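Below is one structure, written out as structure tokens; the observations come after it.
The values are calculated or read from the model by the stated rules, or taken from the named source; none is laboratory data. Just so we're clear, the structure is a prediction, and the values are computed from it rather than from any experiment. Don't worry about glycine lacking a Cβ; one is built from the backbone with ideal geometry, like all the others, and counts go over all protein chains shown.
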Amino acid sequence: MAGWRTHGYFASDFRGLILDTATLSALVGFAFATSITPGPNNMMLFASGVNFGFRRTVPHMLGIGVGFLSLLIGVGLGLGALLATVPLLYTGLKIAGGIYLLYIAWKIGTSRTLGDGEAAARPMTFLAAAAFQWVNPKAWVMAITAMSVYIDADQYLWSVVIVGLVFAAVNLPSVSTWAGFGSVLREWLSVPVRLKWFNITMALLLVASLWPMLK
């Protein structure tokens with residue numbers, strides 16, 4: 001890619017890989033736009049911020065960041081090519097992700113009380129959030145697009161690493177804003193009837209987020 005330039009050859013560090021400012025800006029913009037816009041992760045974080053508060057949602061946020069980074073690196077190291085050659089596998093991932101999202105939507109939509117202490121309802125765990133990225137259709141689209149557009153064949157491994165680092169730096173702060181918004185509304189939504197309709201609305205939005213990704 002024209003945006004990547006090398007000066008000399010260094011096999012063991014980053015000094016031989018310099019990212020053009022315009023390419024870096026485009027990558028950061030892409031990472032921010034895809035991370036901050038509504039999608040399954042952000043809808044769940046918003047609802048979790050309301051129902052459990054920001055602090056109890058932190059493991060969920062960290063799981064998203066780590067899980068997506070692992071997916072991104074995996075795609076860069078060959079999973080994207082595998083999905084391209086075995087379309088049925090990608091279809092299976094989308095179906096699995098859709099079923100799981102319907103389950104999460106049902107849990108959110110039927111919740112009627114804010115989760116405090118060791119309530120029956122609990123926020124998503126770190127491991128569950130990380131694993132979910134591997135069946136999240138939006139996450140796959142983001143990872144495949146990033147690794148298709150911002151990778152330099154001549155410096156492939158370093159390109160994958162840098163794209164991963166950029167997403168790691170941008171993704172977590174972006175998704176955490178949704179949990180923050182939810183926690184701000186927590187007190188107002190402590191009224192049962194408001195919480196009921198908020199959770200139903202969030203469940204419907206979560207289901208609606210599947211439509212463009214399951215086509």
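Structure values in brief
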item: Ser176 vs. criteria out of contact with any helix residue (DSSP H, G or I) (no Cβ under 6 Å at 6 or more places or on another chain) and small (Gly, Ala, Ser); result: no
item: Tabulated pairs, the stretch 33-59, first more than 16 Å from Thr201 (Cα to Cα), second of a type in the set (Lys, Arg) and at pLDDT below 90, C-beta under 7 angstrom, 6+ apart or interchain; result: Gly53/Arg186
item: Per-region count, the stretch 48-82, residues buried (at least 19 other Cβ atoms within 10 Å of the Cβ), farther than 13 Å from Met142 by Cβ and touching a Phe, Trp or Tyr at 6+ places or on another chain (Cβ under 7 Å); result: 3
item: Enumerated helices (runs of 4 or more DSSP H) restricted to the stretch 126-187, each holding at least 3 residues that are at pLDDT 90 or above and surrounded by 21 or more Cβ atoms within 10 Å (Cβ to Cβ); result: 126-132, 156-184
item: Any chance Leu79 is modelled with pLDDT of 80 or more and of a type outside the set (Ser, Thr, Tyr); result: no
item: Filter result (touching a Phe, Trp or Tyr at 6+ places or on another chain (Cβ under 9 Å) and either more than 24 Å from Tyr150 (Cα to Cα) or crowded, with 18+ Cβ neighbours inside 10 Å (or both)) within the stretch 35-47; result: Ser35, Pro40, Asn41, Asn42, Met43, Met44, Leu45, Phe46, Ala47
item: Candidates Thr21, Thr34, filtered to the one that is on the phi < 0 side of the Ramachandran plot, under 10 Å from the mean Cα position of the chain (by Cα) and modelled with pLDDT under 90; result: Thr34
item: Subset of the stretch 188-215 that is in contact (Cβ under 8 Å) with a residue 40 or more places away in the chain, surrounded by fewer than 15 Cβ atoms within 10 Å (Cβ to Cβ) and in contact with a helix residue (DSSP H, G or I) (Cβ under 9 Å, 6 or more places away or on another chain) - its residue that is nearest to Ala139 (Cα to Cα); result: Leu214
